[in-house]
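The values are calculated or read from the model by the stated rules, or taken from the named source; none is laboratory data. Everything quoted here is computed from the prediction, not taken from an experiment. Every residue, glycine among them, receives a Cβ derived from its backbone with ideal geometry; neighbour counts consider all protein chains shown.
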Amino acid sequence: MAERRVSIVTGASQGIGRQIALALAARGDAVALAARQTARLAEVAEQIERAGGESLVVRTDVTDPASVQEMAASVVGRFDRIDAVVANSGIGGPSGPLWELDAQDWERTFEVNVHGVFHTARATVPAMIETGGGALVVIGSISGKRPLYGRSAYTASKLALVGLTRTLALETGRFGVRVNLISPGFVEGPRIDWVIRTQAQARGLPEDAVRAEFEGLSPLGRLTSATDVAEAVLFLTSDRAGGLTGIDLNVNAGVVMY
């Protein structure tokens with residue numbers, strides 16, 4: 001029997017991260033669940049283990065380099081290897097015209113969304129190199145390519161991840177490590193509900209009208225689901241994607257096609 005893959009998902013306590021972790025576990029991976037809220041992580045771990053899977057809960061603050069290094073060491077200590085990493089942790093950041101944003105809110109957005117990916121990659125890539133390869137998937141956003149009013153901090157942080165991904169793919173390819181990015185669309189859930197609400201307020205429109213607008217941008221007439229994103233992660237971390245590295249994969253129900 002093939003050796004069980006070991007995967008790490010940051011931001012695994014809710015939303016897209018939770019769905020990705022459950023999908024990886026259903027595939028048969030041992031999944032390390034990383035986030036700051038261990039109570040929510042424990043719920044995900046329980047769901048995985050009830051289904052016969054294996055998981056490890058590791059409290060992790062991706063903005064703290066020492067915390068991320070400890071997380072990686074804990075995973076290697078438990079499973080002896082790291083095969084795949086999904087750098088999913090992120091925050092929505094402030095909303096409003098750039099000149100009205102608080103500088104600390106701007107900096108916090110980059111601290112989590114960009115620096116957090118840097119710390120995650122820096123801590124985990126060496127373990128993949130040591131065992132002859134692996135896959136890192138970074139979760140970006142449609143906002144990096146289709147900006148929304150008042151979302152400059154989030155948009156800038158997510159577009160920065162495209163450059164990070166491409167450069168890291170160039171650096172790690174000779175070691176058998178593949179690095180790719182997924183740009184999800186308007187993903188169903190609390191965050192997009194908040195975005196729709198703030199967009200409606202900023203534009204003086206009813207929330208239902210903004211939601212209909214978002215859905216209408218898709219040829220499929222719907223928002224993206226967390227499952228859509230999880231399925232893309234399953235592909236990019238599998239051997240079927242062995243020839244793919246440095247790509248930015250749009251998973252957004254057709255809202256952006258470039």
### Query
Quick check: is even one residue across region 95-106 closer than 27 Å to GLY176 by Cα and out of contact with any Asp or Glu (no Cβ under 9 Å at 6 or more places or on another chain)?
no
### Query
Just wondering, is there one or more residues in region 157-166 that are closer than 20 Å to ASP239 by Cα, in contact with a helix residue (DSSP H, G or I) (Cβ under 6 Å, 6 or more places away or on another chain) and among the hydrophobic types (A, V, I, L, M, F, W, C)?
no
#### Entry: Enumeration of residues in region 201-232 that are farther than 17 Å from GLU188 by Cα and hydrophobic (A, V, I, L, M, F, W, C)
ALA202, LEU205
### Query
Taking GLY93 and the conditions (1) out of contact with any strand residue (DSSP E or B) (no Cβ under 6 Å at 6 or more places or on another chain); (2) in a helix (DSSP H, G or I); (3) crowded, with 18+ Cβ neighbours inside 10 Å, which numbered condition does it fall short on, given that it satisfies the others?
(2)
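Just a yes or no: is a residue in region 128-138 at pLDDT 95 or above, touching a Gly at 6+ places or on another chain (Cβ under 7 Å), under 30 Å from VAL75 (Cβ atoms) and among the β-branched types (Val, Ile, Thr)? Break it down stepwise before answering.
Initially, region 128-138 is screened for residues at pLDDT 95 or above, giving 128-138.
Retained after the next criterion (residues that are touching a Gly at 6+ places or on another chain (Cβ under 7 Å)): 128, 132-133.
This time we only want the ones that are under 30 Å from VAL75 (Cβ atoms), so: 128, 132-133.
Keeping just the survivors that are among the β-branched types (Val, Ile, Thr) gives none.
Among the residues of region 128-138, not one is at pLDDT 95 or above, touching a Gly at 6+ places or on another chain (Cβ under 7 Å), under 30 Å from VAL75 (Cβ atoms) and among the β-branched types (Val, Ile, Thr), which makes the answer no.
Restricting attention to region 112-140, which residues are free of Cβ contacts under 8 Å to residues at least 60 places away in the same chain, small (Gly, Ala, Ser) and either in a helix (DSSP H, G or I) or not assigned by TED's automatic domain parsing to the domain that holds ASN180 (or both)?
ALA121, ALA123, ALA127
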### Message
If a residue must be touching a residue at least 60 places away in the same chain (Cβ under 8 Å) and within 16 Å of the chain's Cα centre (by Cα), how many such residues does region 233-258 contain?
### Response
11
### Summary
Going through (1) farther than 23 Å from THR167 by Cβ; (2) at pLDDT 95 or above; (3) in contact with an Asp or Glu (Cβ under 7 Å, 6 or more places away or on another chain); (4) not hydroxyl-bearing (Ser, Thr, Tyr) one by one, VAL251 fails only at (1)
### Task
State whether the residues of region 202-209 include one that is modelled with pLDDT under 95 and within 26 Å of ALA12 (Cα to Cα).
no
### Task
Among the residues of region 177-204, write down those that are exposed (fewer than 15 other Cβ atoms within 10 Å of the Cβ) and either hydroxyl-bearing (Ser, Thr, Tyr) or not in a helix (DSSP H, G or I) (or both).
GLY204
### Task
Filter region 46-78 for residues that are among the small types (Gly, Ala, Ser), out of contact with any Asp or Glu (no Cβ under 7 Å at 6 or more places or on another chain) and either surrounded by fewer than 22 Cβ atoms within 10 Å (Cβ to Cβ) or not assigned by TED's automatic domain parsing to the domain that holds GLU231 (or both) and give the result.
ALA51, GLY52, GLY53, ALA66, ALA73, SER74, GLY77
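Which members of region 179-213 meet the condition of being among the aliphatic types (A, V, I, L, M) and without any contact (Cβ under 8 Å) to a residue 60 or more places away in the chain?
Selection gives ILE192, ILE196, ALA200, LEU205, ALA209, VAL210, ALA212.
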### Query
Looking at ARG211, is it surrounded by 18 or more Cβ atoms within 10 Å (Cβ to Cβ), over 22 Å from the mean Cα position of the chain (by Cα) and outside the structural domain of THR131 (by TED's automatic domain parsing)?
yes
